[in-house]
Amino acid sequence: MIPKTYDIPQWKGEIYFWTATINHWQHLLWGDVYKDIIIESLEYLTNKQKIDVFGFVIMPNHIHTIWRPMELNGNETPQSSFLKYTAHEFKKKLLNLDRDKLELFQVDSMKKSYEFWQRDPMAIPLFRKEVAFQKLDYTHYNPLAEHWQLSTDPCEYKYSSARYYECNEKSFPFLKDLREEF
């Protein structure tokens with residue numbers, strides 16, 4: 001049998017501002033246990049050299065990342081691997097911690113019983129330095145938005161790359177410096 005070959009993906013090596021939203025905008029990510037799942041996935045994919053992560057923030061119902069997908073993870077994009085892994089882990093945690101909340105993510109599908117992420121995450125290629133740093137600032141200031149009020153200073157919010165850029169503190173070893181890319 002001849003192995004299946006893949007064309008070089010269009011996304012490979014490009015830096016993107018990428019947003020993924022929890023299904024129905026539910027606030028699944030309030031709890032740190034769910035945010036930690038996202039951190040674990042970013043760290044794993046970075047260690048496997050599937051992605052480079054330059055910035056991120058984890059909000060109660062969505063995430064923003066600035067990242068560069070590098071290569072397929074098996075037969076799927078790193079973005080798909082990220083969404084699949086985190087969904088699987090969310091389900092496991094909810095089965096153990098909050099079965100009632102798990103029911104909020106049930107779907108009527110032959111392929112799956114639960115859907116944690118909305119379909120079609122937003123991806124914006126970052127070709128220009130000005131746009132890349134505007135998106136990085138947006139990412140870091142998201143927790144300060146009036147409707148969230150998760151912190152009063154970007155560096156105070158734990159689940160963000162702001163401390164790396166603003167305070168020179170590398171709390172997340174997988175982060176790469178966006179300033180070195182432009």
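The values are calculated or read from the model by the stated rules, or taken from the named source; none is laboratory data. Quantities reported herein were computed from a predicted structural model and do not represent experimental measurements. Here Cβ is always computed from backbone atoms with ideal geometry, including for glycine, and neighbour counts include all displayed protein chains. The protein model used for the area step is the full one, side chains on, heavy atoms only, and it has no ligands, DNA or RNA in it. Shrake-Rupley method; radii C 1.70, N 1.55, O 1.52, S 1.80 Å.
Taking the Kirkwood radius as the inverse of the mean 1/r across Cα pairs, report the Rg/Rh of the chain.
Rg divided by Rh gives 0.97.
For residue 120, what accessible area in Å² do you get when you roll a 1.4 Å probe over the heavy atoms of the protein chains, rounding to the nearest 10?
Taking all protein chains as shown, residue 120 has close to 140 Å².
Hey, if we sort 155, 167 by accessible area with the 1.4 Å probe, largest down, what's the order?
Descending order: 167, 155.
D for segment 130-182, whole µm²/s, Stokes-Einstein with Kirkwood Rh over alpha-carbon pairs at 4 °C and 1.567 mPa s: what number?
In µm²/s, the coefficient is 112.
Over segment 18-170, give the accessible area per residue in Å² for a 1.4 Å probe, as an integer.
53 Å²
Could you derive backbone 3J(HN,Hα) for segment 153-169 from the dihedral phi with the Karplus parameters 6.51, -1.76 and 1.60 (θ = phi - 60°), listing whole Hz in sequence and x where the residue is Gly or Pro?
The phi angles translate into 9, x, 6, 7, 7, 4, 8, 7, 8, 4, 4, 5, 7, 8, 10, 6, 10 Hz.
Efficiency by 1/(1 + (r/R0)^6): what FRET value for residue 99 and residue 134, r their Cβ-Cβ distance, R0 = 30 Å, to the nearest 0.05?
In this case the efficiency is close to 0.10.
Got a sec? Charge dipole of segment 31-114, +1 on Cβ for Lys and Arg, -1 for Asp and Glu; which of 66, 49, 81 is way out at the positive end?
Among 66, 49, 81, the one farthest towards the positive end of the dipole of segment 31-114 is 81.
Among 48/158; 48/91; 48/112; 112/170, which pairs are too far apart, with a Cα-Cα distance over 30 Å?
112/170
What is the list of residues in segment 149-182 whose amide nitrogen lies under 20 Å from a point 7 angstrom out from the Cα of residue 71, following Cα to Cβ?
Flagged as within label range: 174-176.
Please list the non-local residues whose amide H lies under 5 Å from the amide H of residue 176, H modeled 1.01 Å from N, same-chain partners needing a gap of 5 or more.
Residues meeting the amide H criterion: 53, 54.
For the chain, what is the mean residue ellipticity at 222 nm derived from helices alone (per DSSP H run of n ≥ 4: -39500 (n - 2.57); sum divided by total residues; nearest 500 deg cm²/dmol)?
Value at 222 nm, helices only, nearest 500: -10000 deg cm²/dmol.
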